[in-house]
Each structure stands twice: as C-alpha cells, then as structure tokens.
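Student: Below is the structure I would like to discuss, written out as structure tokens.
All of the numbers you see were taken from the coordinates with simple rules; none came from a lab. Computed from a prediction, not measured in an experiment: that's the story for all the values here. FYI the Cβ positions are ideal-geometry reconstructions off the backbone, even for glycines, and counts take in every protein chain you see.
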Ligand SMILES: Nc1nc2c(ncn2[C@@H]2O[C@H](COP(=O)(O)OP(=O)(O)OP(=O)(O)O)[C@@H](O)[C@H]2O)c(=O)[nH]1
Ligand SMILES: [Mg+2]
C-alpha cells in the first residue's frame, strides 16, 4: 500500500524546523540560522520512498505576540499551513519545562484534531537520562500520536521519524514525480541563500528588517548564471553596516552566497548585490507584497 500526504513542521522560532526538513530530504532547500524568524514562507519539499511520498511543509516559527505586519503574515502562514496537514510534526527543545509559547501552540494543536508527532530536537545538547522527563512534561499536556527524539544537526534518529510519519499517512497516490524535490524555484532559493548569508554575517538587530529581491536572474550559458539582487533594510544606519567598511561586509555576504549558489546551480555565478533602504517596510502592505510576503498568495 502506497502512502502519501502532508507533514507540516510546526514550532517556536529557532527549534530547528528547517534544519530537520533539510535533513529529512537530504538536501539543503530551506535556509537556517541562529536568529529567530529565519523562515518567512511556506516551503514545500518532497521525499519519495518505496513505501510512500511525504510532502514536508516548513513554516515560520510561531510566536505569541506579533510586532508588525510581517509578524502577522508569518503567523498567518503557519496557521494556514497547519490546517493542510495530514500529520503535524511539533518540534520542541529538549527541556522538561514547557514554556508559554509551546503551551499556546499545544492549544492550537488540540483544536486542530489531527495526528501530532512530538519531535524532541537537539538531543545532542542533553544527556539521554534527561529525555524521559521531557516526554513526561509534554505528554502530560496533550496526547501525541508518537514521540520521536532526534538531532536534526547530527541526523540522529531521523530515519525513525520518517517511519513514524509514514505510519500515520493515509493511503494515497504519488502526487509528484520522484525527481521533484521542492516547489521553490532557483530564483526563490537564490534570494533566500543571500538572506541567509546576511543573517549569518550580521549582528542581532539588523537581520529581522532585511528582505532580498532578485532584480535579474539570467542563465547566460550552461556554465554561467548572472544574478543581480537588492538587500532591503529599514534604516540608513543599517545600510551602512550591511555595506561595511570599504564594502567589506557586503563583499563577505556576496562571496558566501556566491559559493553556495554555484553549488546549487552547478554553474559559475556572477553575483551583484545592491543595498536599499525602505523605512518601516515590515508594516507597509504594499512593500510586503512586493517583497513576496503576500497573504493568500499560496496559503489561501
Ligand atoms: N545543537 C543543535 N542545534 C540545532 C539542531 N537543529 C538545529 N539546530 C540549530 O538551531 C538553529 C535554528 O535552526 P533553524 O532550522 O533555522 O530553526 P527554525 O525552527 O527553522 O527557525 P525559524 O525559521 O526561525 O522558525 C540553527 O543555528 C541550527 O543550526 C540540533 O539538532 N542540535
Ligand atoms: Mg526555519
């Protein structure tokens, strides 16, 4: 019997949803970073095995209070994506103290009435003897279809998670050809790769206010791709930091991004980056739409 369906990654920011999804499909599609709210869109990736096809949906981390329209949009994406699930993967940190954020998510999951697998991630950070207390703490708040501890970073126990998901999926057809891995275009992934390198190179304050726009994406030949992109930020002072002393920061972001884009496209990449200021774009509906954060585009 072939099984198929949607497995939706849900959890607070920074718990490792995107890292785990990349590991499950064995390829880096979603960007990851230590900064919360790295993921901003619903990202679909596909794993096809002999037994079934799991379509993973990565979502932005769920927060309780949104500070701007972008935050509202991110919550909206997560909630709508959650309702598409055949199985929900609820990711948490390996702590026996359940925080208010997780309690709020559990409340939503109870209303959803779908099978939920509790995925305790980052088990590389704790001793094995500490895990039963984590099982206990979360298990006392809600009935889970399964509980699977993993380390997305080290890839430990990720295969058991695949099995647990397949067990819960309904019988169904192969929705996608085997070679299809994601719904994201190279152009979209490129913008995200540039944003990731900015997130990883910049300090704590600026990254949240960054968006990346691809101005032009040209496959010049079989061996050369030319990409021009703009990093949008919120203030002149941020622009200065992103560019850096004599352009050093922008050069570093560009060079990190170029290396990864060359691996991704299998071509040489010519990358030109610009920096632009759009004050308060995170609260401006027109800007949000222009930067690709448009409600009801895909999640309606
Ligand atoms: N030690 C450890 N770190 C991990 C593990 N999985 C993820 N991380 C780290 O946790 C941070 C956040 O990972 P992401 O995958 O970006 O988290 P996310 O849940 O997608 O975050 P948002 O998109 O912001 O909601 C990164 O620095 C990862 O390297 C893990 O199993 N062990
Ligand atoms: Mg993420």
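Student: Rounded, prolate or oblate: pick one for region 3-168, where a ≥ b ≥ c are the square roots of the eigenvalues of its C-alpha gyration tensor, a/c under 1.5 means rounded, and failing that, prolate if a/b is larger than b/c, else oblate.
Tutor: Here region 3-168 falls in the rounded category.
Student: For region 207-300, just say rounded, prolate or oblate: build the C-alpha gyration tensor, square-root its eigenvalues into a ≥ b ≥ c, call rounded for a/c under 1.5, and beyond that prolate if a/b exceeds b/c, oblate if not.
Tutor: oblate
Student: Moving to a separate point now. Is the chain rounded, prolate or oblate when judged by the Cα gyration tensor, a ≥ b ≥ c being the square roots of its eigenvalues, rounded requiring a/c under 1.5 and prolate requiring a/b larger than b/c?
Tutor: Since a/c reaches 1.5 and a/b is larger than b/c, the shape of the chain is classed as prolate.
Student: Can you give me the pair-distance distribution of region 79-204, C-alpha pairs, 5 Å bins, whole percents?
Tutor: 2, 9, 15, 16, 18, 17, 13, 8, 2, 0
Student: Using DSSP, restrict attention to beta bridges with both residues in the chain and report what percent are antiparallel, rounded to the nearest 5.
Tutor: That works out to approximately 40 percent antiparallel.
Student: Just want the ordering: 274, 281, from fewest to most Cβ atoms lying within 10 Å of their own Cβ.
Tutor: Ordered from fewest to most neighbouring Cβ atoms within 10 Å, 274, 281 come out as 274, 281.
Student: Neighbouring Cβ atoms within 10 Å as the yardstick, rank 106, 43 fewest first.
Tutor: So the residues, fewest neighbours to most, are 106, 43.
Student: I've got another one for you. Round to the nearest 10 and give me the degree value, 0 to 90, for the angle of helix 186-201's Cα axis relative to the longest principal axis of the chain.
Tutor: 90
Student: Next up: Explain nothing, just the number: relative contact order of the chain, from Cα pairs under 8 Å at least 6 residues apart, as a whole percent.
Tutor: That works out to 19 percent.
Student: Peptides 247-255, 126-134: what's the order by average Cβ count within 10 Å, highest mean first?
Tutor: The densest-packed peptide leads the list: 247-255, 126-134.
Student: Please work out the C-alpha center-to-center distance from region 181-209 to region 247-288 and express it in whole Å.
Tutor: What the calculation gives is 8 Å, centre to centre.
Student: Still on this structure: With a 10 Å radius around each residue's Cβ, average the other Cβ atoms per peptide and rank 94-101, 227-234, highest first.
Tutor: Packing order, densest peptide first, comes out as 227-234, 94-101.
Student: Could you line up 90, 144, 2 from fewest to most neighbouring Cβ atoms inside 10 Å?
Tutor: Starting with the residue having the fewest Cβ neighbours, the order is 2, 144, 90.
Student: Here's a follow-up. Let me have the relative contact order for region 3-168, percent, based on Cα pairs under 8 Å that are six or more residues apart.
Tutor: Once divided by the residue count of region 3-168, the mean separation gives 25 percent.
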